[in-house]
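The values are calculated or read from the model by the stated rules, or taken from the named source; none is laboratory data. These numbers were taken from a predicted model, which means no experiment stands behind them. No Cβ is skipped: glycine too gets one built from the backbone with ideal geometry, and neighbour counts run over all protein chains shown.
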Amino acid sequence: MPAATKLDHPTLPLVKERFGQVKFMATEFRGQTSLVVPENSLHEVARFLRDDPNCRYNFLSDLAGVDYLEYPAEQPARFAVVYNLCSFQFERRLRLKVYLNPSIDTTGIEPDPTLFVDSVTDLWPGAEWMEREVFDMFGIRFRNHPDLRRILLWKDFPAHPLRKDYPLRGRGERERYQKLSRDVS
C-alpha cells in the first residue's frame, strides 16, 4: 500500500483552522480535491468558503446526488450530495461532499428522516433547480429550500429513479401512465 500523501490544496488549512472542532476527510483524485463535510456542518462550511476573503468560492458550478449501493470500493454511506465550487478570484476548484445513510427502506416515497441536508440556495441561488433534481431523482430533501418539489417527474411519482435499487425497466409506471391522443392534447 502506498504511503499517504499530503494534500496541498491551499483552502484545506483555512478550513481546518476555522473549524478545528469538526472532523473532515479530504481526498485528491486526478488533481481534484474533495472535502468531506459532516451533514450538520455543511451550511456553515459552505458559507465560510463563499465569504472568507482567502477562499471566495463564489460560484457553485454543479450539485449532484450519488448512490453508492453496490459500489466496488467501500464508502462511508449509501448516498452523497456533491457540491463543485469555483473561486474565480484565486482560480481554484473544490468539491464538497456530504454522506447520508438511509434509516428506513428506501424504495418508497415517504421521507427518510436521515436523508436531509441544509439547502445552499441562500448562498448560491443557482442551487435551487439542482437541489430539486437531487430531491426528485434520489429522495434527498433540502431543509429551507424555497420550493422543494419534483422537477422532472410528476408530483405523485412513487419512487426516485436514480437510486440503484430502482429497476431499470421501472415498476410499471409506463404501462399505467394515461396516454393522450393528438386529438385530445
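Remarks
- Condition check for residue 138: farther than 25 Å from residue 32 by Cα and either aromatic (Phe, Trp, Tyr) or buried (at least 21 other Cβ atoms within 10 Å of the Cβ) (or both): no
- Members of the stretch 27-78 found to be among the hydroxyl-bearing types (Ser, Thr, Tyr) and closer than 20 Å to residue 128 by Cβ, listed by number: 57, 61
- The residue list 83, 57, 99 contains one member that is part of a loop (DSSP other than H, G, I, E, B), touching a strand residue (DSSP E or B) at 6+ places or on another chain (Cβ under 9 Å), buried (at least 16 other Cβ atoms within 10 Å of the Cβ) and of a type in the set (Phe, Trp, Tyr), which is 57.
- Unique match (being surrounded by fewer than 18 Cβ atoms within 10 Å (Cβ to Cβ), within 30 Å of residue 154 (Cβ to Cβ) and at pLDDT below 95) among 107, 27, 5: 107
- Test: residue in the stretch 154-165 that is in a loop (DSSP other than H, G, I, E, B), modelled with pLDDT of 95 or more and farther than 23 Å from residue 68 by Cβ: no
- Counted residues, the stretch 83-123 - those being within 29 Å of residue 28 (Cβ to Cβ) and small (Gly, Ala, Ser): 2
- The set of residues from the stretch 37-78 being of a type in the set (Gly, Ala, Ser) and either at pLDDT 95 or above or at positive phi (or both) comprises 41, 46, 61, 64, 65.
- Taking every residue in the stretch 22-43 that is assigned to a strand (DSSP E or B) and pairing it with any residue that is at pLDDT 95 or above and polar (S, T, N, Q), at least 6 positions away or on another chain, the pairs with Cβ-Cβ distances below 7 Å are 26/33; 26/34; 27/34.
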